[in-house]
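As structure tokens, the structure follows; a few thoughts come after it.
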Amino acid sequence: MNSKHEARLPLAFIPPGNDVRLIALGDEIDPLQREQLTAYGLAENRPIRILQQRPMTVILADEVELALEHAVARHIWVEKDLPTT
């Protein structure tokens, strides 16, 4: 049995300072924008750090800082990284 609890959360609702992992880009995101996000490094299982939520969602994916509109960030599904012990 997997002891890790996986809960999909929208990126737009994760407080700044948290580290998450990308699970999926929602179907609501325009295909062209999905392609652009992927080109900037947003890929499944990629670690992301949330830097701010207002006025836009600002994230750090690898060494790339991205500012996302909330209309997009709310359709990016992530899971919180659990602390390693």
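Step by step: first the residues of the range 10-24, then only those that are under 11 Å from Ala73 (Cβ atoms) and not in a helix (DSSP H, G or I), then the one that is least open to solvent (accessible area, probe 1.4 Å). Which residue is that?
In the first step, residues of the range 10-24 are kept if they are under 11 Å from Ala73 (Cβ atoms); the result is 10-14.
Then drop every residue that is not not in a helix (DSSP H, G or I), which leaves 10, 14.
On the way: Pro10: 25, Ile14: 6 Å².
Step by step, filter the range 10-24, then rank; the result is Ile14.
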Quick check: is even one residue across the range 27-42 touching a helix residue (DSSP H, G or I) at 6+ places or on another chain (Cβ under 8 Å), in contact (Cβ under 8 Å) with a residue 40 or more places away in the chain and among the hydrophobic types (A, V, I, L, M, F, W, C)?
yes
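Which one of Val64, Val78 is buried (at least 17 other Cβ atoms within 10 Å of the Cβ) and among the β-branched types (Val, Ile, Thr)?
Details: Val64 fails: buried (at least 17 other Cβ atoms within 10 Å of the Cβ).
Exactly one of Val64, Val78 is buried (at least 17 other Cβ atoms within 10 Å of the Cβ) and among the β-branched types (Val, Ile, Thr), namely Val78.
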Six or more apart or on different chains, Cβ atoms under 8 Å: show the pairs whose first residue is in the range 55-74 and at negative phi and among the basic types (Lys, Arg) and whose second is surrounded by 12 or more Cβ atoms within 10 Å (Cβ to Cβ) and outside any strand (DSSP E or B).
Arg74/Leu11; Arg74/Ala12; Arg74/Phe13
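Rundown of residues vs (1) surrounded by 10 or more Cβ atoms within 10 Å (Cβ to Cβ); (2) at pLDDT below 95; (3) in contact with a Phe, Trp or Tyr (Cβ under 7 Å, 6 or more places away or on another chain); (4) not acidic (Asp, Glu), yes/no style:
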| residue | (1), (2), (3), (4) |
| --- | --- |
| Arg46 | yes, yes, no, yes |
| Arg49 | yes, no, no, yes |
| Val58 | yes, no, no, yes |
| Glu69 | yes, no, no, no |
For the range 30-79, what are the residues that are closer than 11 Å to Leu11 by Cβ and either part of a loop (DSSP other than H, G, I, E, B) or among the basic types (Lys, Arg) (or both)?
Leu42, Gln53, Arg74, His75
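The values are calculated or read from the model by the stated rules, or taken from the named source; none is laboratory data. Predicted model only: the values in this text are computed from it and were never measured. Here the Cβ is made from the backbone with ideal geometry for all residues, glycine too, and neighbour counts use every protein chain on show. Calculation scope for accessible area: heavy atoms of the full protein, side chains included, ligands and nucleic acids excluded. Shrake-Rupley method; radii C 1.70, N 1.55, O 1.52, S 1.80 Å.
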